[in-house]
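The numbers here are math on the coordinates, done by the rules we state, and not lab data. None of these values were measured; they are calculated from a predicted model. Every residue, glycine as well, gets a Cβ built from its backbone with ideal geometry; the counts of neighbours run over all protein chains shown.
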Amino acid sequence: MEIDEITIASDVDVMKARQKGRELAVLIGISGSDLTLMATAISEISRNIVQYAGRGEMKFRQVTKGGRRGLMIIARDFGPGIADIAQAMQDGFSTSRGMGLGLPGARRLMDDFEIHSELGKGTTVSMVKWER
């Protein structure tokens with residue numbers, strides 16, 4: 001499957017990314033509540049891009065493992081980075097006035113989740129939702 005990419009720079013882009021993820025997931029065979037969980041994770045991560053970095057990108061591609069298909073979402077920004085990833089992954093931690101559910105919430109909603117960040121260079125989140 002070719003890679004679809006969306007630039008994330010505004011709330012409109014957050015909605016575009018959410019919709020693109022849902023469309024591609026349906027084609028792979030992801031359905032029901034898994035679509036909602038994945039779309040929510042996409043929203044959380046893309047909102048973080050808008051809030052903390054101002055601009056970034058989200059890429060979508062089909063992946064396979066052990067005969068199962070899934071949708072991989074790679075979100076990348078070139079913002080300030082995260083000083084303490086372990087702290088940022090704790091429920092309730094927020095550097096803004098948010099509820100602190102974005103990163104740890106997305107991790108719980110997706111089947112696979114990885115985050116890498118470097119101060120002054122940005123953050124990359126990779127996450128996968130697998131068909132059931």
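Let me spell out the model: positive unit charges on the Cβ of Lys and Arg, negative unit charges on the Cβ of Asp and Glu, origin at the Cα centre of the stretch 4-130. What dipole size does that give, in debye rounded to 20?
260
Rounded to whole numbers, the Karplus 3J(HN,Hα) couplings from phi for the stretch 72-80 are 9, 10, 10, 10, 9, 9, 10, x, x Hz, using 6.51 cos²θ - 1.76 cosθ + 1.60 with θ = phi - 60°, and x at Gly and Pro. Remark: relative contact order (the stretch 4-130) = 26 percent; criterion is Cα-Cα distance under 8 angstrom and separation of 6 or more residues. Could you give P(r) for the stretch 4-130, binned at 10 Å from zero, as whole percent values over all Cα-Cα pairs? In order of increasing distance, the bins hold 14, 48, 31, 7, 0 percent. Using the Cβ-Cβ distance between ARG69 and LYS121 with R0 set to 41 Å, the FRET efficiency from 1/(1 + (r/R0)^6) comes to roughly 0.80.
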